[in-house]
Amino acid sequence: MSGKKISLADWQQQLGRPAEAATAASDDLVYSTDSGRIDKPKPQKVVAQSFSDGHARLRRETKGRNGKAVITISGLAESTETLAEIAALLKKKCGCGGSVKDGVIEIQGDQRELVQQELTKLGYKHKWAGG
């Protein structure tokens, strides 16, 4: 055996295995001497689902939050980045904190009127859900 280094695909080709086997074997690779650590591409995050009537749902929640009110906005069928931008805009307008979790925007505090006005300005139709 010679001291020459060859790639995994070339080695498998010399053994007589088809190229598909080389790609299947390379799917399990974690490290390569040529390129270093091999990271698998991360799956795309699921875009939030919208409701069939096309309206976003605004809900005031206090359950599990020690009595503190939070406005949640669900049903905006946008990408995660767009939801983060909308949340940032709403947080600035309301002067409070918030986050985006699983396609739902959470705005801290009872800011019903401001959230409703800003969503209308952005062109989203909305309905109040819950009590």
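Determine the principal axes of the Cα atoms in the range 56-129, then give the extent along each, sorted from largest to smallest and rounded to whole angstroms.
If we take the Cα atoms of the range 56-129, the spans are 31, 23, 23 Å.
Would you grab the residues whose amide H sits under 5 Å from the one on residue 126? Only those 5+ places off in sequence or on another chain, please, with H modelled 1.01 Å from N.
So residue 126 has HN proximity to 56.
For a protection proxy built on the mean count of beta-carbon atoms within 10 angstrom, sort 87-99, 70-82 highest first, please. Could you put the intermediate results ahead of the total?
On the way: 87-99: 15.4, 70-82: 17.9.
Going from most to least packed, we get 70-82, 87-99.
By count of other Cβ within 10 Å, fewest leading, how are 10, 39 ordered? Please report the intermediate quantities before stating the final value.
Working: 10 11, 39 7.
Going from sparsest to densest Cβ surroundings: 39, 10.
By the scheme Lys and Arg +1, Asp and Glu -1, what is the net charge of all other residues having a beta-carbon under 12 Å from that of residue 34?
Numbers: positive: 5, 37; negative: 10.
Result for the neighbourhood of residue 34: +1.
Lys pairs in the range 56-129, Cα-Cα under 19 Å, at least 8 apart or on separate chains: how many?
Within the range 56-129, the lysine pair count is 9.
We did not get these values from a lab; they are worked out from the coordinates using the rules stated. Nothing here was measured: the structure is a model prediction, and the numbers come from that model. Virtual Cβ from ideal backbone geometry, glycine too; neighbours counted across all protein chains shown.
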